[in-house]
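So the structure is just underneath, and the comments pick up after that.
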Amino acid sequence: MIKIVSFKICPFVQRVTAALEAKQIPYEIEYISLKDKPQWFLDISPNGQVPVMVTESGTALFESDAIIEYIEDEYGSLEQGVTNEQRALDRAWSYLARSTTLLNAAP
């Protein structure tokens, strides 16, 4: 089964779990402490951040955009009939929204 590694609250993990839920893909979540990250987590997360998704074959994927693209590639798109141009525009708006949100959240 797919495993998601997360902190208790993380919008990037929520993006990944939303994609899994939308496709009805079973998964489990393991929560770790932001203040005391276990060594096994640091061994599989090059940047020490969540989300990390461990695939059924045991590969640890990191960065929410890469994980979501993997889910789309592996399990098929929810956007049947959407052109590649529209899909690219959807992604562009998603990336813009994320960067704008992060800039506004910074102290």
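The values are calculated or read from the model by the stated rules, or taken from the named source; none is laboratory data. This structure is a prediction, so every number in the text was calculated from the model and none was measured. Don't worry about glycine lacking a Cβ; one is built from the backbone with ideal geometry, like all the others, and counts go over all protein chains shown.
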Study note, to complete from the structure: Going through the range 86-107 in order, the residues found to be modelled with pLDDT of 75 or more and over 19 Å from Val16 (Cβ atoms) are Gln86, Ala88, Leu89, Ala92
Review point. So which residues in the range 23-75 are among the basic types (Lys, Arg) and touching a residue at least 40 places away in the same chain (Cβ under 8 Å)?
Key: Lys23
**Study point:** Yes/no for Glu56 being closer than 14 Å to Lys3 by Cβ and surrounded by fewer than 13 Cβ atoms within 10 Å (Cβ to Cβ)
**Key:** yes
Point to revise | Search result, residues across the range 47-63 that are of a type in the set (D, E, K, R) and either more than 13 Å from Tyr27 (Cα to Cα) or not assigned by TED's automatic domain parsing to the domain that holds Leu34 (or both) | key: Glu63
Practice item. Can you give me the ranges of the strands (runs of 3 or more DSSP E) entirely in the range 7-87 with at least 1 residues that are over 14 Å from the mean Cα position of the chain (by Cα)? Key: 27-31
